[in-house]
1. At a temperature of 37 °C and a viscosity of 0.692 mPa s, determine how fast segment B:2-50 diffuses translationally according to Stokes-Einstein, using the Kirkwood radius over alpha-carbon pairs as Rh; express D in µm²/s, rounded to the nearest whole number.
2. Show me, for segment B:133-146, the HN-Hα J-couplings you get by feeding each phi into the Karplus relation (A = 6.51, B = -1.76, C = 1.60, θ = phi - 60°), rounded to Hz, glycine and proline as x.
3. On a C-alpha basis, how far is the centre of segment A:139-170 from the centre of segment A:5-44 in Å? Whole number, if you could?
4. Which ³J(HN,Hα) values in Hz, rounded to whole numbers, follow from the phi angles of segment B:30-36 under the Karplus curve 6.51 cos²θ - 1.76 cosθ + 1.60, where θ = phi - 60° and Gly and Pro get x?
5. For a quick check: with amide H placed at 1.01 Å from N, whose amide H comes under 5 Å from residue A:51's, ignoring anything fewer than 5 positions away on the same chain?
6. Could I have the simple spin-label model distance between residue A:68 and residue A:3, label points 7 Å from Cα toward Cβ, reported in nm to one decimal?
7. Compute from the Cα atoms of segment A:1-56 the Rg and the Dmax, the latter being the longest Cα-Cα distance, and quote both in angstrom.
8. Past 26 Å, Cα to Cα: identify those pairs from B:57/B:167; B:70/B:123; B:42/B:123; B:28/B:70; B:88/B:124, in the order given.
Amino acid sequence: MENLLWDYADGLLSENEAETVRLQLLENPTMQRQLEVILKEKNVLMDINLELPNRYFTDSVMAKWTMEQYQIHQNQTVNSGPQTDWILRAIGGLMAVFVLLPVLVAMITGGKGYTNLPKTVELTQKLTLPKVDYSAFFSHPFVYYAFIFGLVYLGLQMFDKYLQQRFVLSR
Amino acid sequence: MSPSVSDEQIIEQAIAGRQSAYGQLVRKYERYVFTLALRFVKNREDAHEVAQDSFLKAFRYLSDFRGECKFTTWLYKIVFSVAMNHLKKNRPELLSLDDDQKPLKIKDLGSEDASFALEFAEKKLEIQEAINQLSPDDAGVITLFYLYEQSIEEVCQVMNLTTTNAKTKLSRARQRLKVILSVELT
């Protein structure tokens, strides 16, 4: 009987079943009292306090979510290939050419103009380190422009990272 | 943003990329999600983890929410799924007993006395403590149906039950709760 009354109170009975219970309730005062008790119990169950998570819960969830979004965005940028950052890649390529070209030239020309190495070193002589004229290398126009391109490239990369972070945080 | 903004509007804003809308959802439902997680996993530390993972999972799949059910039902379903996975990994003993292995001591009940006691006890706190002693399933079904006022069909959706199973589970959970309360109060 109690289960039936709980189901009645919870609205879980069919129309016919509910009607039957209603009729029984009209005739049975004990059943009516039982229903009253059940309704009070139900009210208590519906009125239980919700638990409170710690005060940093929202911040913690949002921090993790932001981090996840940022990582997704990073992966998309990496996977999206040359369509999105082709300018940076082109600059990187040019820089590589400017760095490699002087090395190639030096290899072809036998290093003339870059170094001033002695041809032989006699073992009996006091060992002195060969003097290398780096100024010729660094003053070479290819190297000079390669450095400039390199700096510009790194600057653009950092600026790109900064913009990405700002974009994610602003969302 | 005014408090009258509906869940659907907040969700739309979140999907459109407005980060603050996600925060709004967390603030609005953190207590519900945390309480439900606690009912399943039984300790606060794990409940924080489950609640957090549930929100993150909900956010990841937010665009899949089609509004076919209430947002809360959808969210609680995620909490249930995350909590069950958590229990399987960390506390399988809580899931190991099914209903048949946990027979009720109905004879201890003394229905009138238990109801009487229930009425006059320091109600909320004692019921809350009693709910914490229930199995994850029982505590979940009681919380969803009475505290969160989910219909029996919604409880079925959240906990992957048939209507008959849900009704039986609810009835058994209620009886077990009474047993716990009657034992505590004697």
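1. The calculation lands on 277 µm²/s.
2. Karplus-based 3J(HN,Hα) across segment B:133-146 equals 8, 6, 5, x, 4, 5, 4, x, 5, 5, 5, 5, 6, 8 Hz.
3. A separation of 76 Å, based on Cα centres.
4. 4, 5, 5, 5, 5, 4, 5
5. B:35
6. Distance between label points: 4.1 nm.
7. Rg and Dmax of segment A:1-56, Cα atoms, are 15.6, 56 Å.
8. From B:57/B:167; B:70/B:123; B:42/B:123; B:28/B:70; B:88/B:124, over 26 Å: B:57/B:167; B:70/B:123; B:88/B:124.
Computed from the coordinates by the stated procedures, all read-outs in this text should not be read as laboratory data. On a predicted model such as this, the values are computed, not experimentally measured, just so you know. Every residue, glycine among them, receives a Cβ derived from its backbone with ideal geometry; neighbour counts consider all protein chains shown.
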